[in-house]
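Each remark here refers to the structure printed beneath this line.
The values are calculated or read from the model by the stated rules, or taken from the named source; none is laboratory data. Here the structure is a predicted model, which means the values were calculated and not measured. Here Cβ is always computed from backbone atoms with ideal geometry, including for glycine, and neighbour counts include all displayed protein chains.
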Amino acid sequence: MNAGLRGIRTLRAAACLVLVAALSGCMQLNAGLTVNADDTVSGQLLLTAERNVLTVNNKPVETGFAELRQNIPALPAGPETRYEDATHFGSLINYRNVPLHQFDSESLSIVRTGDRYVFILPLDPKKYGGKVAEQDPKNQERFMLLMSFEISVTFPGRVLDASSGAQVVDRTVSWRVKPNEQKPTELRAVAEAPPRPSPAAGADPDNGFPWLLIVVGVVALLLVAALVAVLLRRSRTGGAPSESATPPAGGSAPVTPAATNPGPPGVG
């Protein structure tokens with residue numbers, strides 16, 4: 001019985017050592033995103049961890065990363081590729097013209113509200129470290145404390161507001177949150193959004209049927225038809241013979257009768 005208890009304690013101690021190792025090699029979340037004027041998002045998101053942490057107990061680096069990633073809330077979906085260098089391993093997610101309604105996740109989101117874009121990346125410890133918290137709920141706070149974030153978001157309009165610690169340069173807002181430092185509640189930014197294109201005058205908003213083009217075309221045809229009719233009428237009028245200018249059939253000019261002279265009156 002005592003041997004069994006010692007074995008359980010040994011396993012717990014080993015688990016704690018692995019957990020401490022995982023926490024000491026925190027994960028890094030880097031993002032460089034651009035919000036386009038057509039309400040789409042392009043850019044990249046990189047999630048990595050240190051190789052020496054991922055390979056604890058001789059695990060393949062891929063297995064270690066997959067296990068550690070379970071502590072990260074869902075990221076916006078996109079094509080993923082393997083990322084690795086001499087010290088880190090992770091996953092690179094690419095975004096190309098992703099509609100805003102698809103760029104909404106537990107980890108970060110960008111939404112449009114009227115003429116404003118709102119970017120939010122919550123740093124609530126309850127959203128992170130879900131697996132490590134199974135052994136000790138306090139590990140969620142430790143996990144978040146040891147994570148690092150480097151985030152950059154460029155908007156099509158002016159940045160109007162940003163959370164504490166943000167750096168704003170022109171239309172770009174960025175944060176650099178280091179490991180082993182207290183994290184803010186969230187990273188947040190608000191920026192101007194360009195006006196949405198309005199439906200063309202005379203167009204059916206339901207199916208976009210080009211009524212305006214049809215009306216303009218009909219009016220143009222009527223004007224052309226009227227112009228042709230006027231030209232034809234002028235042609236016929238200009239070529240008709242004039243009664244005052246045409247001589248009689250005999251070829252002689254008309255003779256005007258001379259006035260009769262009554263002469264002097266006779267003497268009775």
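When the range 134-175 is filtered for residues that are charged (D, E, K, R) and more than 13 Å from L121 (Cβ to Cβ), the ones remaining, listed by number, are E134, D136, K138, E141, R142, R158, D161, D170, R171. More than 13 Å from I72 (Cα to Cα), in a helix (DSSP H, G or I) and either in the same structural domain as T40 (by TED's automatic domain parsing) or out of contact with any helix residue (DSSP H, G or I) (no Cβ under 6 Å at 6 or more places or on another chain) (or both): is that true of R176 in this structure? The answer is no for R176.
All of (1) within 30 Å of P194 (Cα to Cα); (2) modelled with pLDDT of 90 or more hold for E106 with one exception: (2).
Of all residues in the range 101-156, count the ones that are assigned to a loop (DSSP other than H, G, I, E, B) and either surrounded by fewer than 19 Cβ atoms within 10 Å (Cβ to Cβ) or within 27 Å of the chain's Cα centre (by Cα) (or both).
Pass one, the range 101-156, residues assigned to a loop (DSSP other than H, G, I, E, B): 103, 105-108, 114-115, 123-124, 128-131, 135-137, 147, 155-156.
Narrowing the set further to residues that are either surrounded by fewer than 19 Cβ atoms within 10 Å (Cβ to Cβ) or within 27 Å of the chain's Cα centre (by Cα) (or both) leaves 103, 105-108, 114-115, 123-124, 130-131, 135-137, 155-156.
Qualifying residue count for the region: 16.
Does T10 fit the bill of being assigned to a helix (DSSP H, G or I), more than 20 Å from E141 (Cβ to Cβ) and at pLDDT below 50? Against the criterion (assigned to a helix (DSSP H, G or I), more than 20 Å from E141 (Cβ to Cβ) and at pLDDT below 50), T10 qualifies.
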